[in-house]
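Novice: Sharing a structure here in structure tokens format.
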Amino acid sequence: MKFKYVYSFPLAKNMLQEWLKFAKEVNTTRNNEFTKMHARIGVTKESWYLKENKNDFEVMVYTEANNQNFSEKFQNDKSDFSDWFKNEVIRIQNYNLNEGVKMPIKVLDWVEPS
């Protein structure tokens with residue numbers, strides 16, 4: 001069974017270029033480490049979206065995991081990559097992932113009938 005999650009984080013307009021650089025690094029030169037971290041915490045898919053608001057941006061994340069406690073596993077993952085990743089999110093978005101992510105309540109999950 002796959003568990004699906006969607007959550008978002010604020011991003012100040014003046015940090016957009018830093019965030020795009022971070023996303024590119026995660027998706028290219030550090031992708032192998034990103035993949036290994038996801039395997040450790042039970043994440044099987046992750047997509048990032050960037051939404052521009054009137055005064056800032058919002059980073060929206062879609063995650064599929066094979067367990068309901070991937071967020072706790074991520075908080076407890078103390079690899080060099082996880083530490084770097086969390087520190088970059090603090091630096092760029094001023095959001096501490098070690099404090100956990102408050103997941104929104106899913107109210108609709110429609111799937112096309114087979």
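Novice: Can you spot the aspartates and glutamates whose alpha carbon is less than 14 Å from Lys13's alpha carbon? Ignore those fewer than 8 places along the same chain.
Specialist: Glu52, Asp56, Glu58
Novice: So, one more: Mind checking which lysines have their Cα closer than 16 Å to the Cα of Lys36? Skip sequence neighbours fewer than 8 apart in that chain.
Specialist: Filter leaves Lys45, Lys73, Lys78, Lys86.
Novice: Filter the chymotrypsin sites (Phe, Trp or Tyr not before Pro) in the range 49-114 down to the DSSP loop ones having no more than 16 other Cβ atoms within 10 Å, then list what survives. Working shown, then result.
Specialist: Working: sites: Tyr49, Phe57, Tyr62, Phe70, Phe74, Phe81, Trp84, Phe85, Tyr95, Trp110; in loops: Tyr95, Trp110.
Answer in residue order: Tyr95, Trp110.
Novice: If you don't mind, there's one more thing I want to ask. Mind telling me which of Ser82, Ser47, Ser71 comes out most flexible in a GNM of the chain, alpha-carbon contacts under 10 Å?
Specialist: Result: Ser47 has the largest fluctuation of those listed.
Novice: May I pose another question? Would you indicate which of [x] 34, 32, 30; [y] 44, 36, 27; [z] 51, 31, 24 is the value of Cα extents along the principal axes in Å derived from the coordinates of this structure?
Specialist: [y]
Novice: Relative contact order (percent) for the chain, with alpha-carbon contacts under 8 angstrom and 6 or more residues of separation?
Specialist: Working: 136 pairs, mean separation 38.6, N = 114.
So the answer I get is 34 percent.
Novice: Which residues' amide hydrogens lie under 5 Å from the amide hydrogen of Asn67, considering only partners 5 or more residues apart or on another chain, with H built in the peptide plane?
Specialist: HN-HN under 5 Å from Asn67: Phe3.
Novice: Rank the residues Asp77, Asp83, Asp109 as a footprinting-exposure proxy: fewest other Cβ atoms within 10 Å of their Cβ go first.
Specialist: Asp109, Asp83, Asp77
Only the coordinates and a few stated rules stand behind these numbers; no lab work does. This one's a predicted model, so the numbers in the text were calculated from it and none came from an experiment. Note that each Cβ is placed from the backbone with ideal geometry, even for glycine, and that neighbours are counted across all protein chains shown.
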